[in-house]
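**Student:** After the structure tokens below, expect a handful of questions from me.
The values are calculated or read from the model by the stated rules, or taken from the named source; none is laboratory data. Since the structure is predicted, the reported quantities are computational estimates derived from the model, not experimental observations. Please note: Cβ atoms are built from the backbone with ideal geometry, for glycine as well, and neighbour counts cover all protein chains shown. We work out accessible area using only protein heavy atoms, side chains counted, and drop any ligands, DNA or RNA first. Shrake-Rupley method; radii C 1.70, N 1.55, O 1.52, S 1.80 Å.
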Amino acid sequence: MASSGMEQADESFAAEQALIEAALVGDGSAFRRLVEPHLPMLHRIATRVSHNPHLAEDAVQEALTLTFRRLGSYRHDVPFKAFLAAVAARQAHTLARAERRRSKREQVAEAPATPDNPEAEMRGATAARRVRQALWAMPKKRREAALLRLDGGLSYREIGDALDSSEGSARVLVHTALNQLRELLADLLNDEPGQEDSTGASS
Amino acid sequence: MKREQSGKADDLRLQALFDATVPEPSQEQLDRMARASARIPEQVGSGVMAWLRARWRPALALGFAGAATLVAALWLGGGWGLGPKPVPPVALTVPTADLAPTTPPPEDDVVLTPDEEAMIADLDITQDDEEQDVVEGDPLAGLDLDEGMADPFGVLDLLFPPNDEPSLDEWSAAYDELLEEG
């Protein structure tokens, strides 16, 4: 049973390598098949950072373009998901800086929005902003670990690969990041006890 | 145990908060992003270019090393007018005509004129081993002198008389006598 699982993993890995080779010689459909399973993860990270669903799509496109440009330096011993997430997490830093500059401009120029459900919208927006602020209050590597764990759903090993560190280091990094987030977001966490049943990231 | 469960519950709440504050993309959005991803290789360029972009530093270093090797090879080889003019080895400066093989004169092919042959015959130089032995045993025999030619004044007879030793006085007197007569 275990060997069957390993065989499936090997086949999946081999298929992924074939798609990478095809994409490297300019096969667009191969690149699409390679990245399509990971688009929700990329979109989540991009939305978290940009806090704008419209900008998130552009951010995903930029992350994919960057990924393709770096595909030649892809290390075949690292899962492609980790490679992709690493690009997205690092790009998040750039995105966040651009977003902060954009927000400052729009606070002056943009007219206030009129949401359908003002109270819920307000609560959601406030929580999202608080989460983003908490993330950016952390050191860069710790923030990347938190993003990859909570928005990317990566395992400790995949986070280690993405951050170019060991699985043990990734575990410690994630643990420290979650502790800090719990402290920073304590009031929000205590306000939302009803969402305990949501599924967490696989380890 | 209780603390561990509490930690897990906190983790779940944190995950729930993260999930709630980021909307999941719609299927339409996912399709749009997937279609756009298929165009990226065409827009960015070939994979070879991507490979070069990723490895431009080693590729550049390799290029420089290759160029330097080529220039060095051309310099040493004197190609494209580079490098010092080639100086041929000394041996090559000798005119080719001088290098033509000369046939050594055959040692046995000395051609003598008839006069030379006659003169040599007159010398009557003995070359045979037996004759040489005779010469070695009797220094005067090799001279092959005539009786008349050998001692025209009988000096030798005076000097070396067959039976008795000539005295110096006798020899001196005889010599003076000869001088007076001559």
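**Student:** Quick one: net charge of A:ALA89's neighbours, Cβ under 10 Å, K/R +1, D/E -1?
**Tutor:** Once positives and negatives cancel, what remains is +2.
**Student:** Tell me, which residues of the range A:70-85 get at least 20 Å² less accessible area when the other protein chains come in, versus the chain alone (1.4 Å probe)?
**Tutor:** A:GLY72, A:SER73
**Student:** Testing the spin-label approximation: label points 7 Å from Cα along Cα→Cβ at A:SER12 and A:ASP191. State their distance in nm.
**Tutor:** Those two pseudo-labels are separated by 3.8 nm.
**Student:** Between A:LYS140 and A:ASP77, what is the label-to-label distance in nm when each label sits 7 Å out along the Cα-to-Cβ direction?
**Tutor:** 2.5 nm
**Student:** Which residues does a label at A:VAL25 reach in the range A:46-74, if reach means a backbone N under 16 Å from a point 7 Å past the Cα toward the Cβ?
**Tutor:** What the label zone holds, given the 16 Å backbone N cut-off, is A:72.
**Student:** Could you give the alpha-carbon Rg of the range A:10-77 over 2.2 N^0.38 Å, rounded to two decimals?
**Tutor:** Details: Rg = 13.0 Å, N = 68, 2.2 N^0.38 = 10.9 Å.
Here the answer is 1.19, to two decimals.
**Student:** Mind grabbing the interface size between B and A? I mean buried accessible area, both sides, 1.4 Å probe, in Å² to the nearest hundred.
**Tutor:** Interface between B and A: roughly 3800 Å².
**Student:** Applying 1/(1 + (r/R0)^6) with R0 = 35 Å to the Cβ-Cβ distance of A:THR126 and B:ALA65, what FRET efficiency is obtained, to the nearest 0.05?
**Tutor:** 0.05
**Student:** Could I have the simple spin-label model distance between B:LEU112 and B:ARG35, label points 7 Å from Cα toward Cβ, reported in nm to one decimal?
**Tutor:** Simple spin-label model gives 12.0 nm for this pair.
**Student:** Sort all Cα-Cα distances of the range A:116-163 into consecutive 5 angstrom bins from zero, then give the percent of pairs in each bin up to the one containing the longest distance.
**Tutor:** 5, 21, 21, 17, 14, 11, 7, 4, 1
**Student:** Another question, if that's okay. Please give the peptides B:7-18, A:80-91, A:125-136 ranked by average Cβ packing (other Cβ atoms within 10 Å per residue), highest first, as a rough proxy for protection.
**Tutor:** Highest-to-lowest ranking by the protection proxy: A:80-91, B:7-18, A:125-136.
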